[in-house]
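Read the structure below first, then the notes.
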């Protein structure tokens with residue numbers, strides 16, 4: 001029995017493998033954090049592209065384009081993303097509305113997929129405004 005005590009003390013003091021155990025405990029959390037950073041980066045990029053598409057649609061509407069031309073400009077500028085709804089135009093620009101603002105807007109659903117967590121689908125109002133010419 002007395003010969004076992006020094007060996008047990010040595011085993012208790014031996015910390016080989018503790019770094020591997022700590023690493024194994026931390027890795028899943030790090031993976032989720034990195035996945036969240038990537039997912040929110042993608043969502044932010046989509047919002048920026050769609051906001052630019054709304055501005056492009058408002059710019060097109062400001063020079064007296066038809067609603068079909070405005071919608072085509074928005075869809076083309078939104079590539080590679082698709083719109084959740086058809087863009088609404090606040091008014092048709094003509095001689096009487098010159099100088100007044102025209103707004104192109106719609107409600108967009110953004111999908112945020114974080115590894116290991118439920119999918120998030122927030123909605124945001126996307127809009128762009130220009131003055132009618």
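Just one of (1) under 11 Å from residue 128 (Cα atoms); (2) touching a helix residue (DSSP H, G or I) at 6+ places or on another chain (Cβ under 6 Å) fails for residue 70. It is (1).
Okay, residues lined up against (1) at pLDDT 95 or above; (2) closer than 30 Å to residue 92 by Cβ; (3) surrounded by fewer than 15 Cβ atoms within 10 Å (Cβ to Cβ):
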{"position": "5", "(1), (2), (3)": "no, no, yes"}
{"position": "19", "(1), (2), (3)": "no, no, yes"}
{"position": "22", "(1), (2), (3)": "no, no, yes"}
{"position": "41", "(1), (2), (3)": "yes, no, yes"}
{"position": "46", "(1), (2), (3)": "yes, yes, no"}
{"position": "55", "(1), (2), (3)": "yes, yes, no"}
{"position": "58", "(1), (2), (3)": "yes, yes, no"}
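Residues in the stretch 55-65 that are under 15 Å from residue 125 (Cα atoms) and touching a helix residue (DSSP H, G or I) at 6+ places or on another chain (Cβ under 7 Å): 57 alone.
Any idea how many residues of the stretch 74-123 are outside any loop (DSSP other than H, G, I, E, B), under 17 Å from residue 58 (Cβ atoms) and in contact (Cβ under 8 Å) with a residue 40 or more places away in the chain?
Step one: of the stretch 74-123, the residues outside any loop (DSSP other than H, G, I, E, B) are 74-77, 88-89, 95-97, 101-109, 112, 120, 123.
Those still in the list that are under 17 Å from residue 58 (Cβ atoms) too: 74-77, 88-89, 97, 101-108.
With the extra rule that they be in contact (Cβ under 8 Å) with a residue 40 or more places away in the chain, the set shrinks to 102-106, 108.
So the count comes out to 6.
Within the stretch 66-107, the set of residues being over 21 Å from residue 124 (Cβ atoms), modelled with pLDDT of 95 or more and buried (at least 17 other Cβ atoms within 10 Å of the Cβ) is empty.
Within the stretch 52-71, the residues that satisfy the criterion of being farther than 15 Å from residue 85 by Cβ and assigned to a helix (DSSP H, G or I) are 52, 55, 56, 58, 59, 60, 61, 62, 68, 69. Tell me, yes or no, whether the stretch 25-35 has at least one residue that is part of a helix (DSSP H, G or I), at pLDDT 95 or above, in contact with a helix residue (DSSP H, G or I) (Cβ under 9 Å, 6 or more places away or on another chain) and under 30 Å from residue 117 (Cβ atoms). No.
The values are calculated or read from the model by the stated rules, or taken from the named source; none is laboratory data. A quick note: this is a predicted structure, and the numbers were derived from the prediction, not measured. Please note: Cβ atoms are built from the backbone with ideal geometry, for glycine as well, and neighbour counts cover all protein chains shown.
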